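Trainee: First the structure, which I've put down as structure tokens, then a few questions once you've had a look.
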Amino acid sequence: MAKLISILSGIASILLWIQLVFNNPYAAPSTGPIATTFFMLCLPACLAIISALKTNHKLMLVAFIWSFPVSLYVYFTPGIFSWFGITSVTYLFSFVLILVSQKISILKEQHKQ
């Protein structure tokens, strides 16, 4: 379930980034923020998706730490782009869920022995 949540959050972040860059209803089109927002919002979303598909879930924590400063800034702006903050926190939530489920599995295995 946590993997699905992180994949959906990553996809939502990518779609929000596309909306921000190419069809922003709140600002005139400009090329300035494209590179910055790509590196700070879109790439961490891709990393979260990759982390959910692979076994290295620590990358999901990296995606959260990487995207959190800009996501937090955008979260406090009015409009649809405040959802970036929610998707970023969802990376952390998914990481914690995966970590807890792994610990529970280990404890169950130890209890069986």
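The values are calculated or read from the model by the stated rules, or taken from the named source; none is laboratory data. This one's a predicted model, so the numbers in the text were calculated from it and none came from an experiment. Please note that ligands, DNA and RNA were not included when accessible areas were found on the heavy atoms of the full protein model with its side chains. Shrake-Rupley method; radii C 1.70, N 1.55, O 1.52, S 1.80 Å.
Trainee: If you wrap a convex hull around the Cα atoms of the stretch 42-84, how much volume per residue is inside, in Å³?
Mentor: It is 54 Å³ per residue.
Trainee: May I pose another question? How are the Cα pair distances of the chain distributed, in percent, across 5 Å bins from 0?
Mentor: Distribution as computed: 2, 13, 22, 22, 14, 10, 7, 4, 3, 2, 1, 0, 0 percent.
Trainee: Roll a 1.4 Å probe over the protein chains and send me the accessible area per residue for the chain in Å².
Mentor: Roughly 63 Å² per residue, with all protein chains present.
Trainee: May I pose another question? Using 0.36 nm per residue, how much length does the chain from residue 109 to residue 86 gain when fully extended, once their Cα-Cα distance is taken away?
Mentor: Gain on extension, residue 109 to residue 86, equals 4.8 nm.
Trainee: Per-residue accessible area for residue 82 at 1.4 Å probe radius, Å² rounded to 10?
Mentor: 20 Å²
Trainee: How large, in percent, is the carbon and sulfur part of the accessible surface of the chain at a probe radius of 1.4 Å?
Mentor: Here it works out to 74 percent.
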